[in-house]
Amino acid sequence: MSERTIVTVSAGLGQPSSTRLLADRLSEAAVAELQARGVSVMVQTVELRDIAHEIVNNMLTGFPTGELTGVLDKVTGADGLILVTPLFTTTYSGLFKSFVDIIDKEALTDMPVLLGATGGTPRHSLALEYSMRPLLTYLRADVATTSVFAATDDWAGEGDRVNPLPSRIRRAGRELAEMVAARENAGPADLYDGVPSFDQMLGNV
């Protein structure tokens, strides 16, 4: 079995940020599950704040430039994605949405995706289900059943047995690992797959 690649995308605005922390925890959980299945895996992490200007330029011009070009190639060529965003006014950040908007609409079809979000209070946790999940479903991604929301207080009580965050992270990582292990990554679709060669066409004359 070939090495699998998981790309983790963090839309956190601070540095360090709880969004990046959650992204790292989710990727660690997925890697542990894949390795337990004997699957070799490489993780590549993208901080959207580092390419924010390139994302805006892409929206204005329609073309990626600089580091963004390589980031888009990583994301669309991955075996699985972990997407984590902070929540503002009960939905994903503008930076996260802008990045998703510049990804080719067909590029994430059947892509295993794990969703995560961070916010101040648990009241915003449902935003994962009514805003993030529909967005990725629209792009025909294969979204893991378990999504993970981490409120500020969740980190303070992470070692507490009554805190569900660690177990939810493990469950989400296991789901993504199962999806990735079962998927042979073919990379972006080749527009010319299935088109007969000239020899084949001449042979039919």
Heavy-atom accessible area per residue of the chain, all protein chains kept, 1.4 Å probe, expressed in Å², is 52
Of the accessible area of the stretch 1-147, computed with a 1.4 Å probe and all protein chains kept, carbon and sulfur make up a percent value of 54
Per principal axis, largest first, the Cα atoms of the stretch 33-145 extend in Å by 42, 38, 24
Whole-number value, in Å³ per residue, for the convex hull of the alpha carbons of the stretch 1-56 is 68
The ³J(HN,Hα) series, computed from each phi in the stretch 8-15 with the Karplus coefficients 6.51, -1.76 and 1.60 at θ = phi - 60°, rounded to the nearest Hz and given as x for glycine or proline, is 9, 10, 10, 9, x, 9, x, 8
Gyration tensor (Cα only) of the chain to equivalent ellipsoid, semi-axes in Å sorted down, yields 32, 21, 14
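The values are calculated or read from the model by the stated rules, or taken from the named source; none is laboratory data. Predicted model, so just to flag it, every value in this text is computed and none were measured. We work out accessible area using only protein heavy atoms, side chains counted, and drop any ligands, DNA or RNA first. Shrake-Rupley method; radii C 1.70, N 1.55, O 1.52, S 1.80 Å.
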